[in-house]
Structure formats: C-alpha cells, structure tokens
Amino acid sequence: MLEILKNPKTENYQNLKEHIFNHQFPWYYQEKSTRGLDDVEGHSNYPFYSHIILSRPETGARYTEPKSSATELAVAVVSEILKFNNKDAKFFFTRISVNSTYPIEGNQFTIPHNDHTFPHTNFICYLTDDHGGGGRTLIDGHQPHEPVKDECIVFTGRHYMELPKKGRRVIIVATLITY
C-alpha cells in the first residue's frame, strides 16, 4: 500500500518547518541507517543525521518515549495531516524522527528493511526536494516515489531510500499503528 496524502500546510506545519531549518535545531549523527542489518549487494548501511521526536519501542522500553522539545508540535503536525486525509482515523505513534541524508559516493541505496517487527504503517513528509534525480523512496511492489517538497505519503512494507545526488534530503518520518 502506498498513498499520497494532501498536506493542509497548517500554521503548526509551517512552525515545525521553521524550527527544523533553524540553525540551532540539534542534529545527531547516526553511524548506520538501519540497525541490525549488514550491507547487501547494491545497498549500504550509510550514516545520516537525525533528531528523534519519539523513540522506538524496540529500544528496550515497553512504550515510545518523547525525546525532543518539539514532540508536542511534531505529533500535532503529523496528526493534522493524517486526520485531514481521514477524519475518523485512530492511530498510535510508535516512532517519529526528523532525518537528514546527504550525497555519499558508492552504492546509492540504503538497506531494504521494515521499520518494526510488528504490523505498522509508515509516514513520510518530504521537507526538501530537488535532489538532482536522487532521494527517492523505494517500496516493495511500487514504482519509486520521487520526493516533492511538502508532500506526505503513507505506506506499508519493506522499503529503502536512494541517497540524494545533491543537497540534503530532509524528511519527517513516523510509524504508527491504526485501530
């Protein structure tokens, strides 16, 4: 499943983007893009920068944990986008992060993976585009998805990304369980 969402670009959304692109927004270096997986032919486990909003439950905790001063705003923004596209949606966030990748020489694809070991839906909102033909999201069973600034998608299944060929690829990524 892959669905392109309408982004209402609310005031909260604009405020979150300003916060993320502020020079004081803290980014944290992550040595590998996918924990617990090794490189496979044509794919590499590249480093990136992230800002964790809600931590994954797999980190040893039995629940997700707020990790950012932007948690309330980010939860509000992703919720607004999801509800704008399905007013009756009921969901629980299992992870939210802001990720930044950049051009690197070598394999251009990250490791194919599922974000969790349990059924979930993925959400991506592209905050940048114009990556020189790179930066696509690849989802099993679907055509590669080109990043479009301010566009959001939801999908399920194994996926990976193509590194940008120029500039930074900045996204909000969330996982959720619907009920």
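Structure data summary
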{"read-out": "Qualifying residue in the range 108-120 (condition: closer than 16 Å to residue 153 by Cβ and open to solvent by less than 60 Å² (accessible area, probe 1.4 Å))", "value": "yes"}
{"read-out": "Residue in the range 35-45 that is in contact (Cβ under 8 Å) with a residue 24 or more places away in the chain and under 16 Å from residue 171 (Cα atoms) present", "value": "no"}
{"read-out": "Strands (runs of 3 or more DSSP E) contained in the range 124-179 and holding at least 3 residues touching a residue at least 12 places away in the same chain (Cβ under 8 Å) and over 18 Å from residue 32 (Cα atoms)", "value": "152-155, 169-178"}
{"read-out": "Condition broken by residue 56, with the remaining ones in (1) more than 23 Å from residue 133 (Cα to Cα); (2) open to solvent by 70 Å² or more (accessible area, probe 1.4 Å); (3) modelled with pLDDT under 95; (4) not polar (S, T, N, Q) satisfied", "value": "(2)"}
{"read-out": "The lone exception for residue 52 - which of (1) farther than 18 Å from residue 152 by Cα; (2) in a helix (DSSP H, G or I); (3) not charged (D, E, K, R) it fails", "value": "(2)"}
{"read-out": "Yes/no for residue 162 being surrounded by fewer than 20 Cβ atoms within 10 Å (Cβ to Cβ) and acidic (Asp, Glu)", "value": "no"}
{"read-out": "Filter result for the condition that a residue is in contact (Cβ under 8 Å) with a residue 24 or more places away in the chain, within 12 Å of the chain's Cα centre (by Cα) and part of a helix (DSSP H, G or I), over 98, 78", "value": "78"}
{"read-out": "Among residues of the range 126-161, those that are among the charged types (D, E, K, R) and within 13 Å of the chain's Cα centre (by Cα), counted", "value": "3"}
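Per-residue answers, yes or no, for (1) of a type outside the set (Ser, Thr, Tyr); (2) open to solvent by 60 Å² or more (accessible area, probe 1.4 Å); (3) on the phi > 0 side of the Ramachandran plot; (4) in contact with a Cys (Cβ under 6 Å, 6 or more places away or on another chain):
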{"site": "16", "(1), (2), (3), (4)": "yes, no, no, no"}
{"site": "26", "(1), (2), (3), (4)": "yes, no, no, no"}
{"site": "44", "(1), (2), (3), (4)": "no, no, no, no"}
{"site": "49", "(1), (2), (3), (4)": "no, yes, no, no"}
{"site": "67", "(1), (2), (3), (4)": "yes, yes, no, no"}
{"site": "73", "(1), (2), (3), (4)": "yes, no, no, no"}
{"site": "76", "(1), (2), (3), (4)": "yes, no, no, no"}
{"site": "86", "(1), (2), (3), (4)": "yes, yes, no, no"}
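Here is a yes/no grid of residues against (1) in contact with a strand residue (DSSP E or B) (Cβ under 9 Å, 6 or more places away or on another chain); (2) of a type in the set (D, E, K, R); (3) open to solvent by less than 10 Å² (accessible area, probe 1.4 Å):
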| position | (1), (2), (3) |
| --- | --- |
| 80 | no, yes, no |
| 89 | yes, no, no |
| 125 | yes, no, yes |
| 135 | yes, no, yes |
| 151 | yes, yes, no |
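The values are calculated or read from the model by the stated rules, or taken from the named source; none is laboratory data. A quick note: this is a predicted structure, and the numbers were derived from the prediction, not measured. We place every Cβ from the backbone using ideal geometry, glycine too, and count neighbours over all the protein chains shown. Note: accessible area is taken over every heavy atom of the protein model, side chains too, but ligands, DNA and RNA are not part of it. Shrake-Rupley method; radii C 1.70, N 1.55, O 1.52, S 1.80 Å.
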